[in-house]
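Got a structure for you, written out below as structure tokens; questions coming shortly.
Values in this text are rule-based calculations from the coordinates and carry no lab data. Just so you know, these numbers come straight off a predicted model, no measurement behind them. Ideal geometry is used to build each Cβ from the backbone, glycine not excepted, and the neighbour counts take in all protein chains shown.
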Amino acid sequence: MACFAILIQHKGEWETNNKYVDYVVDIVVIDSNFNFEDLIAIVSKQIWMDTTVNMVEIEYILSDQCPALLIHNNMSIRVYIQLKMKI
């Protein structure tokens, strides 16, 4: 089972040119069997977010020319993990 480090940038702002600025950085490690609910749980715990009050939105950027992609279900986390495995 492969493990991946995920850099979390949070508490920042998206600028109109697709740049995320003024953020705080944290990191978590997930394994290749993670599902969407696991990811939300570990990220919200790491950044001290109460998910009963706040919604977690997870996005990632493939390149500077691509808009941020939303991880919103099990399929999108599987795609993200597959992309991480190729890096």
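By count of other Cβ within 10 Å, fewest leading, how are Tyr23, Tyr80, Tyr60 ordered? Display every interim value, and only then the final one.
Working: Tyr23 13, Tyr80 20, Tyr60 16.
So the residues, fewest neighbours to most, are Tyr23, Tyr60, Tyr80.
Looking at region 5-64, which trypsin sites (Lys or Arg not before Pro) are DSSP coil and have at most 15 other C-beta atoms within 10 Å of their C-beta? Show your work: numbers first, answer last.
Details: sites: Lys11, Lys19, Lys45; in loops: Lys11, Lys19.
Those satisfying the criteria are Lys11, Lys19.
Can I ask one more? Note down the relative contact order for the chain as a percent, whole number, built from C-alpha pairs under 8 angstrom at least six residues apart.
Answer for the chain is 23 percent.
How much mean residue ellipticity at 222 nm does the chain get from its helices, if each DSSP H run of length 4 or more adds -39500 (n - 2.57) and you divide by all residues, to the nearest 500 deg cm²/dmol? Walk me through the numbers on the way to the answer.
On the way: 2 runs with 24 residues, N = 87.
Helices in the chain give a 222 nm mean residue ellipticity of -8500 deg cm²/dmol.
So I have (i) 1.72; (ii) 1.58; (iii) 1.08, and one of them is Cα Rg over 2.2 N^0.38 Å calculated from this model. Which one is it?
The value computed from this structure is option (iii).
Taking amide hydrogens as modeled 1.01 Å from N in the peptide plane, which residues meet the under 5 Å criterion relative to Ser32, leaving out close sequence neighbours?
Those qualifying (amide H under 5 Å, at least 5 residues apart or on another chain) are Ala2.
Moving on. Which residues make up the longest stretch of the chain that has no GluC sites (Glu not before Pro) in a DSSP loop with at most 15 other Cβ atoms within 10 Å?
Details: sites that count: Glu15, Glu57.
Looking at the chain, 16-56 is the longest stretch - no exposed GluC sites (Glu not before Pro) with at most 15 other Cβ atoms within 10 Å.
Which one of Ile77, Ile61, Ile40 has the biggest mean-square fluctuation once the chain is modelled by GNM with Cα springs under 10 Å?
Residue with maximal mean-square fluctuation among Ile77, Ile61, Ile40: Ile61.
Where does the charge balance sit around Phe4 when Lys and Arg score +1, Asp and Glu -1, over other residues with C-beta under 11 Å from its C-beta?
Values: positive: Lys84; negative: Asp31.
Cβ neighbours under 11 Å give a net charge of 0.
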